[in-house]
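Asker: First the structure, then my questions, so here it is.
Readers should treat all values here as calculations from the given coordinates under stated rules, not as data from a laboratory. Note that the coordinates shown come from a computational prediction; the quantities given were computed from them, not determined experimentally. Neighbour counts run over all protein chains shown; Cβ positions are idealised from the backbone, glycine included.
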Amino acid sequence: MFGGLGNMMGLMKQAKEIKERMEKLQAELVAREYESQSGGGAVTARINGNGELLALKIQPDTLKSGDGELLEDLIRAAVNAAVRRKEETVREEMGRITAGLNLPGMGGLAPPG
């Protein structure tokens, strides 16, 4: 009679532990910085865990070229690559927390990214 209640209590405890681990991980991920380059290092972008641009470095030779359109493309590529790196890291880290869970009704849903 109480077997179902025990299972429910176990699931609730597990859910609480997962929630605490995810909250801790989210704080850690926000504190991290993610960097990427484009154009063979011509442009480097660094963002934080909130996706805010922290730094943008452009090599002097790239500026001297005078090609504004190329520079725009390199900046966009570096920033987008840093954002992708952040998103991949979040997915991987969240996946580690939820790996092996067999939660009813979840149907193998992936963590948000």
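Asker: Starting from the Kirkwood radius over alpha-carbon pairs of region 35-97, derive D by Stokes-Einstein at 37 °C in a medium of 0.692 mPa s and give it in µm² s⁻¹.
Answerer: 268 µm²/s
Asker: At 0.36 nm per residue, and after removing the present C-alpha to C-alpha distance, how many nm does the segment from residue 12 to residue 58 gain when stretched out fully?
Answerer: That works out to 11.5 nm of additional length.
Asker: Quick one: net charge around residue 93, please, counting Lys, Arg +1 and Asp, Glu -1 for every other residue with C-beta under 14 Å from its C-beta.
Answerer: On the way: positive: 21, 24, 32, 85, 86, 91, 96; negative: 23, 28, 87, 88, 92.
So the environment of residue 93 carries a net charge of +2.
Asker: If I take all pairs of Cα atoms in region 1-76, what percentage of them are more than 15 Å from each other?
Answerer: Numbers: 1957 of 2850 pairs.
Everything past 15 Å amounts to 69 percent.
Asker: If we sort 22-35, 60-73, 80-93 on the protection proxy, mean other Cβ atoms within 10 Å, highest first, what's the order? Kindly include the intermediate steps, with their values, before the conclusion.
Answerer: Details: 22-35: 13.4, 60-73: 11.1, 80-93: 15.9.
Order by mean packing, descending: 80-93, 22-35, 60-73.
Asker: Among the lysines, select those whose C-alpha is under 20 Å from the C-alpha of residue 16, and discard any that sit fewer than 8 residues away in the same chain.
Answerer: Excluding near neighbours in sequence, the set is 24.
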